[in-house]
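A quick write-up on the structure given underneath.
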Amino acid sequence: MTRGELWRRLEGPLGAAELGTDVRLRMLCGFLCFYGYVTFTQWYGNPALSTEGTATFNYVPTWVFEHLRGLIFLDQSATKLLMAGLSVLALFGCLLALAEEAVGALLVLHVLFFAKLFFYLSDLRLVTNYHHIHLILTFFFLFTRSRLFFTRVGLVLCYHLAAFTKMTPSWLMGEAFNSVPDKLPFLASTEGGVRLACRALIAWELAGPLLWAARSAAVRRASVWVFVAFHLYSVVLVGYRYPAIMLPALLSATLWFDAPLGKGHRFRTADLAGWIGAGLLYAGGLASFLIPGDGRLTSEGRYLGLFMFDANRAVRFRAELVTGDRRLLLRADRPWRSVGVDDFGGFEEQRRGKTVAELYEGGMLLERFKTGQIVRDRGVVVWNPALFTTGGSRCFGDPYLYYFWAKELCRRYRPDRLAVRLESKLDGREETHVVLDLPDFCGASPRYNPFWHNDWINIGHGDPALL
């Protein structure tokens, strides 16, 4: 079979003909491939994606991969080579899309999607909103045959899920931004102004995409340009990565916008995956409202939807590891988002936070380990500070991070006792929330339920005393 014959056979199952008739779809395909290049170059050299992460205890799989670490079997050199290869493949896919080689571009995009999903689920610290949105939009693009319609649906979905995440005092009352000196730079410098701006954004993320169904082309296009202005401003607050995924997708999907969203669309079985996916994502975005407790503290249900910047948090973690007459005290502190706001100890640390490890024997201090130093005992890595100092705000406040570390430590090291305590503060307030307080973690042997509340995660307040 020649290449041409193979391509013609694949054209139907892949829905490649649709790309040949719409420049917007080719633009979207090329962009989705290019963002794959951004992804894999960013992940190049990440030890958590190789056996080096396993050996140095520098990995924290999502609950999907909690018992599947064996799937990460390549060493660091091989993983770097793989990431480099995927990066080159992504650029090749982008060029194929621009050259109207639809079959080849779609095949490449399938490879990139499944490769990214695999590594994305393998470490919690990779789970960020911009990667999440890239996967959502790529899913709709690959597994539906009304690609332009479902890309627009995917954008509506992302804006709505972002609004759901903001339904907390941190946003509704503007507490997250009012807790930092600059508040909303260039936009609002008073507490009342911040509250108004935050509420206006939530309302716009819910209502703005619905205007895409308006009969007036001017209304549809105006709503798009409002979102463009928002994304350009958001660079000041969240950096470039989130706008870099939203702006090209938004502008490509709404180019011309010559008809209201949904006009002329008919249900087809080929689009069933898209409708099911959209329903599940909406359900996931609402899940945290049904689970008891404050999701900003427990993180329960948050990863089922979209998880934007949701609060200004500071975190203090303490662990005590006892084996015979040896006692290892471990501390990890992450400060507020702004150094202008005092953290727990009244000192100001760099954004990555501070870790401390002290070894006692017979009640006497035996060794104080250097900042960032990996701690080994009996040939086993028991503490890797990088585990607690890399990742975003959502990750370092998530009890699952500390749960997995403690559970894996019990399996690897088998200490006589392991006590863990996690305390969080929100939005510049002095009030301390004791999220975890387990004096004998290994004995309690807790299990993590990603779909409901875990009894060992506190939803009330606790005594702020240290271990």
*Compute the Cα gyration tensor for region 244-306, then decide on rounded, prolate or oblate, letting a ≥ b ≥ c be the square roots of its eigenvalues: rounded whenever a/c is under 1.5, prolate when a/b is larger than b/c in the other cases, and oblate in all that remain.*
oblate
*Kindly point out which whole DSSP H helices in the chain project their C-alpha atoms 20 angstrom or further along the helix axis while averaging a Kyte-Doolittle hydropathy of -1.0 or above.*
23-43, 76-98, 102-122, 147-165, 191-207, 217-238, 272-290, 399-413
*Run the quick spin-label model on Thr2 and Arg145: label points 7 Å from Cα toward the beta carbon, then report their separation in nm to one decimal.*
2.7
_Taking 0.36 nm per residue of sequence separation and subtracting the Cα-Cα distance, how much length would be gained by fully extending the chain between Arg378 and Ala17, in nm to one decimal?_
123.8 nm
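Where nothing but the Cβ of Lys and Arg (+1) and of Asp and Glu (-1) is charged, how large is the charge dipole of region 134-243 around its Cα centre, in debye to the nearest 20?
540
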*Could you state how much accessible area Glu52 has, in square angstrom rounded to the nearest 10, with a 1.4 Å probe and all protein chains kept in place?*
80
*Sorted from largest down, give the three principal axis spans of the alpha carbons of the chain, whole angstrom values.*
76, 61, 34
*Any idea which of Tyr37, Thr21, Phe150 is furthest toward the positive side of the dipole for the chain, if Lys and Arg beta-carbons carry +1 and Asp and Glu beta-carbons -1?*
Thr21
_Cα-based Rg and Dmax for region 183-232, where Dmax is the largest Cα-Cα distance (Å)_ = 12.8, 38
*Rounded to the nearest whole Å², what accessible area per residue is found for region 10-144 with the 1.4 Å probe?*
37
*Can you give the extra length, in nm with one decimal, that the chain gains between Val235 and Val64 once fully stretched, where that is 0.36 nm per residue apart less the Cα-Cα distance?*
58.4 nm
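Taking all protein chains in place and a 1.4 Å probe, what share, in percent, of the accessible surface of the chain do carbon and sulfur account for?
61
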*With a/c under 1.5 counting as rounded, go ahead and sort region 354-431 into rounded, prolate or oblate using the C-alpha gyration tensor (a ≥ b ≥ c being the square roots of the eigenvalues; past the cut-off, prolate if a/b is larger than b/c, else oblate).*
prolate
_Please compute the per residue accessible area over region 207-266 with all protein chains in place, 1.4 Å probe, rounded to a whole number of Å²._
51
*Rank Tyr159, Pro415, Leu68 by how far each Cα sits towards the positive end of the charge dipole of the chain (+1 on Lys, Arg Cβ; -1 on Asp, Glu Cβ) and give me just the farthest.*
Tyr159
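Once you charge only the Cβ atoms, +1 for Lys and Arg and -1 for Asp and Glu, what is the size of the charge dipole of the chain about its Cα centre, to the nearest 20 debye? Present the calculation step by step, with values, prior to reporting the outcome.
Numbers: 50 positive and 41 negative charges, 211 e Å.
That gives a dipole near 1020 debye.
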*With charges only on Cβ, +1 for K and R and -1 for D and E, what is the dipole size of region 395-466 about its Cα centre, in debye, rounded to 20?*
440
*asked:* Rounded to the nearest angstrom and ordered from largest down, what semi-axes does the equivalent ellipsoid of region 84-188 get from its C-alpha gyration tensor (root of 5λ)?
replied: 34, 17, 14
_Per-residue counts of other Cβ atoms within 10 Å, averaged by peptide: what ranking do you get for 298-307, 203-212, 5-14, highest first?_
298-307, 203-212, 5-14
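How would you rank 366-372, 98-104, 328-334, highest first, on the average number of other Cβ atoms within 10 Å across their residues?
Order by mean packing, descending: 328-334, 98-104, 366-372.
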*Per residue, what accessible area does region 364-467 have, given a 1.4 Å probe and all protein chains present, in Å²?*
48
*Taking a ≥ b ≥ c as the square roots of the eigenvalues of the Cα gyration tensor of region 1-76, is the shape rounded (a/c under 1.5), prolate (a/b larger than b/c) or oblate?*
prolate
*How large is Rg/Rh for region 144-289, to two decimals, with Cα atoms and a Kirkwood Rh?*
1.00
*Please name which of Leu306, Ala253, Leu281 has its Cα lying farthest along the dipole of region 230-330 towards the positive end, using unit charges on Cβ (Lys, Arg +1; Asp, Glu -1) and the Cα centre as origin.*
Leu306
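The values are calculated or read from the model by the stated rules, or taken from the named source; none is laboratory data. Because the structure is a prediction, the values reported are computed rather than measured. Here the Cβ is made from the backbone with ideal geometry for all residues, glycine too, and neighbour counts use every protein chain on show. Side chains included, ligands, DNA and RNA excluded: accessible areas come from the protein's heavy atoms. Shrake-Rupley method; radii C 1.70, N 1.55, O 1.52, S 1.80 Å.
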